[in-house]
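The values are calculated or read from the model by the stated rules, or taken from the named source; none is laboratory data. Predicted model only: the values in this text are computed from it and were never measured. Cβ sites come from the backbone with ideal geometry, for glycine too, and all protein chains shown count toward neighbours. Note: accessible area is taken over every heavy atom of the protein model, side chains too, but ligands, DNA and RNA are not part of it. Shrake-Rupley method; radii C 1.70, N 1.55, O 1.52, S 1.80 Å.
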Protein chains: 2
Amino acid sequence: MPTRVPQERRRRRPTRAGVLLSEDLIVETALRLIGEHGPEALSVRRLGTALGCDPSALYRYFHGTDDLVLAIADRIIGDAMAGFVPGDDWVAGLREMALRVRAGYLAHPRAAAFASYRVTRRENEIRAVETGIALLLSAGFAPADATRLYLTFIDTVLSHAAMDAAFQALPRQQRDADHQAWQDVYQRLDPASYPALTGVRQELHTMGNSSFEEAVELLLEALAGRAPARRAPEPDPHSSN
Amino acid sequence: MPTRVPQERRRRRPTRAGVLLSEDLIVETALRLIGEHGPEALSVRRLGTALGCDPSALYRYFHGTDDLVLAIADRIIGDAMAGFVPGDDWVAGLREMALRVRAGYLAHPRAAAFASYRVTRRENEIRAVETGIALLLSAGFAPADATRLYLTFIDTVLSHAAMDAAFQALPRQQRDADHQAWQDVYQRLDPASYPALTGVRQELHTMGNSSFEEAVELLLEALAGRAPARRAPEPDPHSSN
DNA sequence: TCCTTGCGTCAATCCTGTTGACATAAGGCG
DNA sequence: CGCCTTATGTCAACAGGATTGACGCAAGGA
């Protein structure tokens, strides 16, 4: 098997084009490719061309496309959560968490769409769970409620973000077609068969947008409504979190 | 262009293997293929083999792979919503809609992964949108609000259902491992570094469950809280706006 | 200086979707 | 009943995808 992927490299040999390959360089180039030419531009052949090396050279660094995508996803998670420190307001804290996760996913949709199905169990994820549950505990929820509600919160955020990312990862043609559908197909419906849709015809263009923020706001509203301590401007029953 | 996809077929001609092709048969075979051998098993060539016809024959029925995918997604929606007639209670109606969609996705876990974020533009989807928006209009929401909130509702339902389906589609080994993680990794954390997680240690087993119902309930709670007319059993000031 | 070996390159294999040309039979119509 | 149109299944070909085994260059230790 020619695919070995060692952990450290000592002997570096430039490609014919004079580039020194490395795992970091490959991941960065892949992200640049996706950013510049859309998610569908990422293929082993194109990546090889962009790097100035033979496509098969990448198999010295990654076992296959999956491995490469996971490496990219790993980097995205790290970047998204970097430097996040929640403040006193638990609602604001959860909101920023949600937006950060989504921004990280949307920045690299194809990788996110692929990786959102998996659970990492790594340090970044554990820290995020700690942060989120701490926020809900600080809101006054009992441990059982805080745990269950955190699960609901993060699942909503992750699944919505994954959905947005998956949509972004579609080829531009299909994305535009899906978007256009709300102004084409849905505008020409028979009013007798579809009275409700006819009544909101003017508003259907919003169906092409993302509902992420609204979903998060509705969820936070419901959480705030369920929180046992409605007023807590004194956020310090000893260990503040 | 050989791809024309007429709406009705009069002349049916059996394939060399003696099969009478039809859009329904193709979609059903595709779902069976995906269910048996995973989403990556769906290719035009394999589908042709499974149907006993030349791969290119499928282009008489679908404009391309994307069109086929949309047809599959729409079939799942149609099966899920078949026979659903909402009653008076709009909250109950949305709840049942959510549960139906989820059940439909869980019935085809591997297809759900790529079908959940598409706009099918087909009849079953249109009918579902009509039903949902009618429910929100009956709750007293203005057209713009009803449209936006329906989008939020259905996106939450779809993305959560897709996530559940993706988890179901994992091999049992991996599923069990994810479940077990909450009782392994997360039980052995350093209390000083992870005080919140340590405090809810007893409850973490619930993290392996689905949060679908809770997410829907929270969303419905928030919607009920925003509904303009709390009590409106008289729903007919004719042209509601 | 030489020998090992990491690793970039090449060529080949087997997939994929898609399409233009072709053939054949279904079914309307005389 | 038979012909003719044409819908539709088949075939062959093309472009581009992932992946891999063989090859050979050159980096670096000895």
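If you take the Cα centroid of segment A:144-189 and the Cα centroid of segment B:133-157, the two points sit 16 Å apart.
Here the Karplus curve 6.51 cos²θ - 1.76 cosθ + 1.60, taken at θ = phi - 60°, turns the phi angles of segment A:94-108 into couplings of 5, 4, 5, 4, 4, 5, 5, 4, 5, 4, x, 5, 5, 5, 9 Hz, with x standing for Gly and Pro. Solvent-accessible surface, computed for protein heavy atoms with a probe of 1.4 Å, shrinks by 20 Å² or more for the following residues of segment B:136-155 when the other protein chains are added to the isolated chain: B:Leu137, B:Pro143, B:Ala144, B:Thr147, B:Arg148, B:Leu151, B:Thr152, B:Asp155. A simple spin-label model places pseudo-atoms 7 Å from Cα toward Cβ; at A:Asp184 and B:His63 they are separated by 0.5 nm.
All Cα-Cα separations within chain A were binned at 10 Å from zero, giving a P(r) of 6, 24, 25, 21, 16, 7, 1, 0, each value a whole percent of the pairs. Taken about its Cα centre, segment B:84-226 carries a charge dipole of about 480 debye when Lys and Arg each add +1 at the Cβ and Asp and Glu each add -1 at the Cβ. One Cα centroid belongs to segment B:59-129, the other to segment B:39-54; the line between them spans 23 Å.
Summary for B:Ala177: label point 7 Å along Cα→Cβ; distances to the equivalent points in the other copies, ascending, 3.7 nm.
Please state the equivalent ellipsoid semi-axes for segment B:84-226: what are the square roots of 5 times the Cα gyration tensor eigenvalues, largest first, in whole Å? Let's see the in-between values first.
Working: eigenvalues 233, 80, 26 Å².
Semi-axes, largest first: 34, 20, 11 Å.
Derived scalar couplings between HN and Hα for segment A:34-48 equal 4, x, 7, 10, x, x, 6, 7, 8, 9, 4, 5, 5, 4, x Hz in order, rounded to whole Hz, by the Karplus curve 6.51 cos²θ - 1.76 cosθ + 1.60 (θ = phi - 60°), x for Gly and Pro. The per residue volume of the convex hull around the alpha-carbon atoms of the protein assembly as shown is 185 Å³. Here the accessible area of the protein assembly as shown is 49 percent carbon and sulfur, with a 1.4 angstrom probe and all protein chains present. Express the accessible area of segment A:95-218 per residue in Å², computed with a 1.4 Å probe while the remaining protein chains stay in the model. Accessible area per residue, segment A:95-218: 42 Å². Ignoring ligands, DNA and RNA, how much accessible area is buried between chains A and B, both sides summed, with a 1.4 Å probe, to the nearest 100 Å²? Roughly 5300 Å² of accessible surface disappears when A and B pair.
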